[in-house]
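Below is one structure, written out as structure tokens; the observations come after it.
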Amino acid sequence: MKRSLPSLEDSLRILRTTRTRRAPKAPPPVKKQVQPLMKTLEARFKGQEDPTHRLQRRWPEIVGDEKLAKLCEPVRVIKGRVGGTLEIRVQGAFAPLIQHRADFVINAVNLHLGGKPVDRLRIIQGPLTAQPRKPPPPKPVPLTAAEDLALQQELGNVSDAKLRAALLKLGRSVMRRQKLISP
């Protein structure tokens, strides 16, 4: 049985008395909520398991030769189907030297990374990234006249002149080092 449509007055009365709710707003995508957290985590743990990062951190230890480590640096490890390629940046004219030592470098890298992830070496000529320099050791503080005189008086009863001079030199260096350690 068909129902008839409400009249105009009934329709207005129904619309006035019935409250409709708006459709709920869709939640923001998860990507927007998680993205800031992912960026901070990515910055914090960037490349920890990356073989390139591991090589860059310990390059002088891996290569073993300090002179060789100063001439080149690892850029990246390119994975291939069968084996990988290690890309190395070398200072200008030292590329033939590194090429000559390629087998040594590949073996050292494979030993460090485990297995045989690197088969070939790819040499790129260019400037190396600046390595942070270690601060120079502090200069020794000279002894005061009173301290030097007290040291000489303690060594006054040593009869051998060479032995006294050696002990005086040793005593001065020990006292200077103690001044550096405890101001």
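A few notes on this one:
- Hey, residue 75 under 30 Å from residue 124 (Cα atoms) and in contact with a Ser or Thr (Cβ under 8 Å, 6 or more places away or on another chain) or not: yes
Condition check ((1) modelled with pLDDT of 85 or more; (2) of a type outside the set (Lys, Arg); (3) under 29 Å from the mean Cα position of the chain (by Cα)) across all residues:
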site	(1), (2), (3)
1	no, yes, no
18	no, yes, no
23	no, yes, no
39	yes, no, yes
46	no, no, yes
67	no, no, yes
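- Cβ separations smaller than 7 Å between residues 6+ apart or across chains give the following pairs from segment 94-114 residues that are among the charged types (D, E, K, R) to residues that are assigned to a helix (DSSP H, G or I): 101/68.
The values are calculated or read from the model by the stated rules, or taken from the named source; none is laboratory data. Computed from a predicted model, the values in this text were never measured in an experiment. For neighbour counting, all protein chains shown are included, and Cβ atoms are generated from backbone atoms with ideal geometry for every residue, glycine included.
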